[in-house]
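Here's the structure, in structure tokens; my notes come after.
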Amino acid sequence: MNSVEQTAIIDQHIEHDEWPEENTEGALVTLLRHRELVMSLTIRDIRSRYKQSMLGVAWALLQPLAMMLIYTVVFSHIARIETGGIPYPIFTYIALLPWTFFQTGLVGGSECLVSNANLITKIYFPREVFPLSVILGRTVDLALGMLVITPLFLFYHIHVTWWILLVIPLVVVQMCFMLGMTFLLSSINLFYRDIRHVVPLVTQLWMYMTPIIYPLSLVPHKYLSIYMMNPMSSIMDSYRRVALLGEPPMWGYLAIASLVSVVALVLGYRLFKKLEPAFAETV
Amino acid sequence: MKAISVEHVSKKFILSKDRPKNLAEACRSIGKRKPREDFWALNDVSFEVNQGEALGIIGHNGAGKSTVLKLLTRIMQPTSGHIRTRGRVSALIEVGAGFHPDMTGRENVYLNGSILGMTKREIDGKFDEIVAFSELEKFIDTPVKRYSSGMYARLGFSVAAHVQPDILIVDEVLAVGDAAFQQKCLDHMTDLRRSGCTIVFVSHNTSAVTSLCDTGVVIALGEKQFFGPVLDAVDCYTKFVIKKRDVQRRAEDQSLLSAKVCSDGATIESISLRSADGSARTSVRSNDPLVIAVRVKFDEDAKSPVPVIHIRNNDGLLIYDTNSVMQRTDCGDFRAGDTALFEFAIDHLPLKAGTYPISAELAYGDFSMYYDSRRNAVEMLVVDSDTSYGLLELPVSLSSSIVARDREEQVAES
């Protein structure tokens, strides 16, 4: 054996005696590495919700549509809310749809760790895939619900402008906020199951504090700045402006909402990762 | 090259009787000292596994085996100490964890595969192999909630076994499925090992452990009792089993003794197993020589007492029963105060792998009564050579020869 080979072998030996570095990769790298798992779990989330139901995914459309009908009867024909010339059904549907996304996402998301207890105690992978797959699963519902918007727009002769493209970044901002909330709620729910009872109540209340069944213009002006601290208010109002009114959103408030969403996401994720080691023992 | 290194690992759980169960309680208990009790599931456990080796973890229920696995798979983190692993770890802690009952077998293969860390392309490539291994071709498009538990387990194992891990961690999963499938799983793990995969195997089935593993760790009460060659580990474990069972046995023995009329004229002090070189053993290889020694203390004079041994299998079936009369041996006479040793020497133990409880009795020369009777006093663990199936290990040699051959070929040859 010549010396070159020998050195090579020694090198190899030294290399092998070192242990692989502890995993210090960033959140996005982890996510990218587990993208297929996220996809699988998302598909599982969707399938499990609609399997063995006759109407299947159609429920994703029927739910907001039914709500639209109810609110139209109550607030357009009985309470007669002034919407600025926009037909009430489309006026409320455009906010109701992303709100349903928000509400179901939060309710499902806060339960996502507890309902996957069998996986958490049996197999290791980064736990953030659970909140993520729940939110992505509900995004599919949202996309399906959006399909109904086209015929509604045609039916009510809504004039569409380029501003409507802003819907996509708006959805992204909303998802950031939802994800942040889900990280927070799901990890706390693991320790205190009270969360699962609190979330539906709070989201119900939250809905009335957000311009969904009534326009922003009905909010008294002196309360407006406080009212708009709720990021969902600004996001919901923006959907309506860019899609129905064909005008830009209120940039200042939207900027605050985006900032709040990103902060929620970062803090939620931090807390989630901090509590993660205790998940398997606590659940 | 080391594949797994566990250094001084301890794991503490908090047994909290009064842990606040809701926010209200949590608020009330702020500032108060909560009563809590620490439970050390593992205490300063260390071992190492080289790449391509198989390690068996043996211990009672609640000894801390599962905690070790959960630490190895990073499901939990140790309270102190270090665990390091090299390469992709695939764990079979519960078969079919992550299966969704409403989804079909096919969908669950993909779901479970990705949970275990396979990419879609990898699963595509191995799908047929996975299904073939599980023998569920016919039912692959049926929702798994319609599967029997055996089918469930088969599919789960098949997926996990095809992950191609660098380290495969297998918990007590072979308990499900029929004997043929269990054997198939063991064979598959042996194949994986040959291809360089490191295996950590947890089981109560000591014969499965010995046939698969080279080294063993015995864990009891959260502490490492032994780490070394698998046979010695099993030996160590068996001793623990006996210690633990002794208490239960004693009560059992009492009731059995009353059934048999014993005079208390002599006491069977011990039944021990020894190998050819005279060293005490509890485990033995098939076809190895073995001595079963019965030690008796006489409290009265005895004229040609008859020592009896029974070997049962794990199901309680009597597979061997002999005594000095049948062996045409007169053991002679003894006086009160004598201590005697009766040795039954077996040249080649013709038993397959398994656990065999051994009983001994000492009868009066005319079989009118017994001096003493000790039922299942010792357990013999047999490890076999993996050359046959069945109940017995027969000394078979195989040869082949041609006894007739077609004429034309003969011509062609010459």
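Laboratory data are not the source of any read-out in this text; all were calculated from the coordinates shown. Being a predicted model, the structure only gives us computed values, none of them experimental. A quick note on method: Cβ atoms are made from the backbone with ideal geometry, for glycine too, and the neighbour counts reach across all protein chains shown.
Miscellaneous remarks
- Excluding exposed DSSP-loop trypsin sites (Lys or Arg not before Pro) (at most 15 other C-beta within 10 Å), longest clean stretch of chain B: B:89-259
- Between 0 and 90°, nearest 10: helix A:231-240 axis offset from chain A longest Cα axis: 60
- Length gained on full extension, B:Phe13 to B:Asp187, computed as 0.36 nm times the residue gap minus the Cα-Cα distance: 59.0 nm.
- Members of B:Lys70/B:Lys138; B:Lys138/B:Lys352; A:Lys273/B:Lys70; B:Lys65/B:Lys126 lying beyond 26 Å, as alpha-carbon distances in this model show: B:Lys70/B:Lys138; B:Lys138/B:Lys352; B:Lys65/B:Lys126
- Among B:Ala363, B:Ala340, B:Ala161, residue whose mean-square fluctuation peaks in a GNM of chain B (springs only between Cα atoms under 10 Å): B:Ala340
- Both radii were evaluated on the Cα set of chain B; the Rg over Rh quotient, with Rh as the Kirkwood radius, amounts to 1.08.
- Loop-resident sites, region B:308-411, for chymotrypsin sites (Phe, Trp or Tyr not before Pro), counting at most 14 other Cβ within 10 Å (DSSP): B:Phe367, B:Tyr389
- If R0 is taken as 41 Å, the Cβ-Cβ distance between A:Val202 and B:His204 corresponds to a FRET efficiency of 0.25.
- Near-label residues of region B:351-380 by backbone N, under 19 Å of a point 7 Å along Cα→Cβ of B:Asp264: B:362-364, B:369-375
- Helix A:129-147 and the longest principal axis of the C-alpha atoms of chain A enclose an angle of approximately 30°.
- Between A:Met39 and B:Asn314, the modelled labels are 4.4 nm apart [label points 7 Å from Cα along Cα→Cβ].
- From the largest down, the protein assembly as shown spans 117, 88, 62 angstrom on the principal axes of its Cα atoms.
- At least 27 Å along the helix axis (C-alpha) and Kyte average at least 1.6, DSSP helices within chain B: none
- On the beta carbon distance between B:Ser399 and B:Ala280, with R0 = 35 Å, the FRET formula returns roughly 0.35.
- Within the listed set B:Ser149, B:Ser279, B:Ser90, the residue fluctuating most in the Gaussian network model of chain B (springs between alpha-carbon atoms under 10 angstrom) is B:Ser279.
- In the protein assembly as shown, helical runs assigned H by DSSP with n ≥ 4 each contribute -39500 (n - 2.57); averaged across all residues and rounded to the nearest 500, the mean residue ellipticity at 222 nm is -14500 deg cm²/dmol.
- Computed label-point distance, nm, for sites B:Glu48 and B:Leu391 using a 7 Å Cα→Cβ extension: 4.7
- Inter-label distance, A:His157 to B:Lys239: 9.6 nm, where each label sits 7 Å from its Cα along the C-beta direction.
- On the basis of the beta-carbon distance and an R0 of 35 Å, A:Lys273 and B:Thr142 show a calculated FRET efficiency of 0.35.
- Column: log10 I(q)/I(0), Debye, Cα scatterers of chain A, q = 0.09, 0.10, 0.15, 0.17 Å⁻¹: -0.50, -0.60, -1.18, -1.42
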